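Colleague: I am attaching a structure below and will ask some questions about it afterwards.
The values are calculated or read from the model by the stated rules, or taken from the named source; none is laboratory data. Bear in mind that the values here come from a model prediction, so they are computed numbers and not experimental data. Neighbour counts are summed over all protein chains in view; Cβ atoms, including those assigned to glycine, are modelled from backbone coordinates with ideal geometry. Heavy atoms of the whole protein, side chains included, go into the accessibility calculation; ligands, DNA and RNA do not. Shrake-Rupley method; radii C 1.70, N 1.55, O 1.52, S 1.80 Å.
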Amino acid sequence: ERELTEPDFYRLCRRFKIKVTEMPLTTGGFYYRVMGRDFIAVDSRLPREKKLLVLFHELGHFLFHTPESGATANFHGVGRRTRIECEADVFALCSLIPKKLIESKTAQELIEVEGFTPEIVAERLALLERYGL
């Protein structure tokens with residue numbers, strides 16, 4: 001219905017009891033679970049629009065890929081493009097730029113007015129074209 005924001009992200013994390021940490025990292029971010037507790041870490045040096053994409057990507061891992069038990073970790077931008085990485089990307093892109101928004105604005109408006117990077121807009125447009133999402 002509407003694009004999700006950074007306050008939305010933190011509200012969801014509070015609801016699901018996910019601890020979020022910003023720190024300098026060598027990867028954009030990662031989601032991990034230890035002893036039944038969930039954590040998201042994000043590189044504190046990322047620009048705002050990239051950071052939001054990584055945060056929602058990692059939240060996508062929590063929502064779609066959390067194991068029932070044991071430890072897990074998913075790293076943004078590390079390793080090959082698996083199905084679960086693509087799913088987390090789709091969740092993040094659709095959270096930040098929902099279908100209603102992408103259909104109501106030009107690519108240039110999404111970049112200049114909404115503040116998305118050309119790369120993020122191109123990825124989102126590709127999802128709309130390929131899957132109708």
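Colleague: Residues 63, 59: which one is out of contact with any strand residue (DSSP E or B) (no Cβ under 8 Å at 6 or more places or on another chain) and either free of Cβ contacts under 8 Å to residues at least 24 places away in the same chain or closer than 24 Å to residue 86 by Cβ (or both)?
Modeller: Numbers: 59 fails: out of contact with any strand residue (DSSP E or B) (no Cβ under 8 Å at 6 or more places or on another chain).
Going through 63, 59 in turn, just one is out of contact with any strand residue (DSSP E or B) (no Cβ under 8 Å at 6 or more places or on another chain) and either free of Cβ contacts under 8 Å to residues at least 24 places away in the same chain or closer than 24 Å to residue 86 by Cβ (or both): 63.
Colleague: Here is a follow-up. Cβ contacts < 6 Å: first residue under 19 Å from residue 14 (Cβ atoms), restricted to segment 34-55; second residue among the hydroxyl-bearing types (Ser, Thr, Tyr) and at pLDDT below 95, any location; separation 6+ or different chain. Result?
Modeller: Sorted first by the residue in segment 34-55, then by its partner, the pairs are 39/32; 40/31.
Colleague: Being farther than 20 Å from residue 8 by Cβ, touching a strand residue (DSSP E or B) at 6+ places or on another chain (Cβ under 9 Å) and not charged (D, E, K, R) is the filter here; which residues of segment 82-133 pass it?
Modeller: 84
Colleague: Output the helices (runs of 4 or more DSSP H) that fall wholly within segment 86-133 and possess 3 or more residues being open to solvent by less than 70 Å² (accessible area, probe 1.4 Å), or say none. Show your work before the answer.
Modeller: Values: elements: 99-104, 107-112, 118-131.
Passing ranges, in order: 107-112, 118-131.
Colleague: Give the residues of segment 67-85 that are at pLDDT below 85 and crowded, with 17+ Cβ neighbours inside 10 Å, sorted by residue number. It would help to see each step written out before you state the result.
Modeller: Within segment 67-85, the subset at pLDDT below 85 is 67-81.
Residues satisfying the conditions are 74, 75, 76.
Colleague: I'd like the full set of residues that are under 14 Å from residue 58 (Cα atoms), of a type outside the set (Asp, Glu) and open to solvent by 40 Å² or more (accessible area, probe 1.4 Å), limited to segment 5-16.
Modeller: 10, 12, 16 - these are the residues of segment 5-16 that are under 14 Å from residue 58 (Cα atoms), of a type outside the set (Asp, Glu) and open to solvent by 40 Å² or more (accessible area, probe 1.4 Å).
Colleague: Against the definition (open to solvent by 40 Å² or more (accessible area, probe 1.4 Å) and closer than 25 Å to residue 133 by Cα), how does residue 64 come out, yes or no?
Modeller: On the way: open to solvent by 40 Å² or more (accessible area, probe 1.4 Å): yes; closer than 25 Å to residue 133 by Cα: yes.
In short, yes.
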